[in-house]
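Heads up, the thing below is written out as structure tokens.
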Amino acid sequence: MDLDSDVPQIPDYRLSEKQFLLTTGITGRHREEIFEELIASIKEDNLAPYYKYLQSQYSDFPYDEEVYTALAAKNEEEISKLTQIIKEAEADDETEVDILGTTIKLAEYYTKIIDRKNATETLKKALDLSPGTGSKIDLLLTLTRVEFFFNDYPLVSKYLDQVKSLIDKGGDWERRNRFKTYNGIYLMATRNFSESAKLLIDSLATFTSTELCSYQQVAQYAIVTGVLSLDRVDLKAKIIDSPEILSIFSSAPELEPLLDLTNSLYTCSYVYFFQFLLKSYDNLLLPNKYLHQHANYILREMRCKAYGQLLESYKSLSLKSMAQNFNITEEFLDQDLCKFIPNKKLNCTIDKVNGIIETNRPDNKNNQYHLLIKQGDNLLTKLQKYGAAVKLSGAERVA
């Protein structure tokens, strides 16, 4: 699905994604192809600072000083032109609006060629000159994209907090939607899957942030975070039956393992669950710059969720039967369950002698009773304090 946006796609997030693959241990011809693709993009858009940056990051990067010199000369020509316009505007005492327009152009050019230091400094200058809330939000989101590009999540968080404070004061509908996507991806990248799912699922219907990721990618992120954090009812309504996800099914075959995994979990068709899980792990989690570091965690949580869902239906179940359900060996299942039982992620015990798994259903009524007593005590304490305060204030008025 192709979506148009007025926001320039700078820096080009696809370069960051290709660069990330270099950190995943790939070697040989595949690694050479990624270098070739990066260099082709660098030459096409004259990305001299990024070319130099890659040389500093990878000892095997095929760097050519002559290529860098030629690219840098083209960069300097454009930068000098824009800098001169700004100087003339300042000398002629032109309005801040005129100076701001050219400063933003210079900042966007630095961002386009991936000159992180100068882009950040110039964007902040433009931010100081900008009088309007909308333009401030746009500049802060550009700063956020720069830090997303370099995976600096503390700075991403800092800029998103500033965007939120501006949006709360009066951001428009389109910018609110863009912020929702940015924040959702940040929360996913920092493993807050529950909050991320709410934002990403909600943003599917109004997605325009093509400067940060593609529609297929935001759909992938919504499915991953949703299948991890939603219960079966919401999973059906918000993921499986989502019109937005259904609409891209035929045009995004790469998402098929993830969609199959989601349907397998919802329909309790566990026989192919591990097959779909491993395909998703290999094809969609490991190669993704935001999900790679969480891939093993997601793999573990999905297994735990599936085991727990099956065990909910039984008071006791044989290891053999459960292993057959998942099409795995009894030995693997036994070892895997033992990873989740000690920390209470699964409420069951294993009778190894008889090969039986016995579920320990939590006493919800007892827990609810104790919670009610505790909340009641807290309420009474607050009422007593309030009553004492009212009596005191009344006595002061009489006095």
Worksheet, complete the sentence: Computed over segment 247-306, protein heavy atoms only, probe 1.4 angstrom, the accessible area per residue in square angstrom equals 43
Item to complete: Could you work out how far helix 48-57 tilts from the main Cα principal axis of the chain, as a 0 to 90 degree angle to the nearest 10?
Response: 50
Response to the item:
If amide H atoms are modeled at 1.01 Å from N in the peptide plane, then the residues at a separation of 5 or more from SER318, or on another chain, having amide H under 5 Å from its own are ILE357
Practice prompt. Tell me the chymotrypsin sites (Phe, Trp or Tyr not before Pro) within segment 232-275 that lie in a loop according to DSSP and have at most 12 other beta-carbon atoms within 10 Å.
Written response: PHE249
Item to complete: Between VAL353 and ASP93, with labels modelled 7 Å along Cα→Cβ, what's the label distance in nm to one decimal, could you check?
Response: 9.8
Worksheet item: Per residue, what accessible area does segment 1-44 have, given a 1.4 Å probe and all protein chains present, in Å²?
Response: 60
Worksheet entry | For segment 99-245: accessible area per residue (Å², 1.4 Å) | 37
Worksheet item: Pick from PRO243, PRO287, PRO11: which residue has the top mean-square fluctuation in a GNM of the chain where Cα pairs under 10 Å get a spring?
Response: PRO243
Practice prompt. Treating cross-link reach as a plain straight distance, find the lysines whose alpha-carbon is under 19 Å from the alpha-carbon of LYS352, omitting any fewer than eight places away in the same chain.
Written response: LYS315, LYS320, LYS339, LYS344
Practice prompt. Could you check how much of the accessible area of segment 1-114 is carbon and sulfur, as a whole percent, using a 1.4 Å probe?
Written response: 47
Worksheet item: Against the longest alpha carbon principal axis of the chain, how many degrees, from 0 to 90 and to the nearest 10, is the axis of helix 364-398 turned?
Response: 60
Discussion item. Can I get the semi-axes of segment 191-234's equivalent ellipsoid? Compute them from the C-alpha gyration tensor as square roots of 5 times the eigenvalues, in angstrom, largest first.
Written reply: 19, 10, 9
Response to the item:
Among segment 300-325, those whose backbone N falls under 20 Å of a label point 7 Å along Cα→Cβ from SER269 are 302-303, 305-311, 322-325
Practice prompt. On a 0 to 90° scale, report how tilted helix 28-45 is relative to the longest principal axis of the chain, with both axes built from alpha carbons and the result rounded to the nearest 10.
Written response: 40
Response to the item:
Expressed as a percent, the accessible surface of segment 211-359 that is carbon or sulfur, using a 1.4 Å probe and the full set of protein chains, is 51
Practice prompt. Determine one quarter of the surface area of the Cα convex hull of the chain, which equals its mean projected area, and express it in nm² to one decimal.
Written response: 30.3
Practice prompt. Go ahead and collect, in residue order, the members of segment 298-314 whose backbone nitrogen is under 15 Å from a label point 7 Å along the Cα-Cβ direction of GLU331.
Written response: none
Worksheet item: Taking K and R as +1 and D and E as -1, what net charge do the other residues with C-beta under 13 Å from the C-beta of ASN151 add up to?
Response: 0
Worksheet, complete the sentence: Scoring only Lys, Arg, Asp and Glu (+1, +1, -1, -1) among other residues with Cβ under 13 Å from the Cβ of ASP241 yields +1
Item to complete: Report the local net charge at LYS279: Lys and Arg +1, Asp and Glu -1, summed over other residues whose C-beta lies under 9 Å from its C-beta.
Response: -3
Discussion item. Restricted to Cα positions, what overall size does segment 262-367 have along the principal axes? Three whole-Å values, descending.
Written reply: 42, 33, 25
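The values are calculated or read from the model by the stated rules, or taken from the named source; none is laboratory data. These numbers were taken from a predicted model, which means no experiment stands behind them. Don't worry about glycine lacking a Cβ; one is built from the backbone with ideal geometry, like all the others, and counts go over all protein chains shown. Accessible surface is based on the protein model in full, side chains and every heavy atom, while ligands, DNA and RNA are left aside. Shrake-Rupley method; radii C 1.70, N 1.55, O 1.52, S 1.80 Å.
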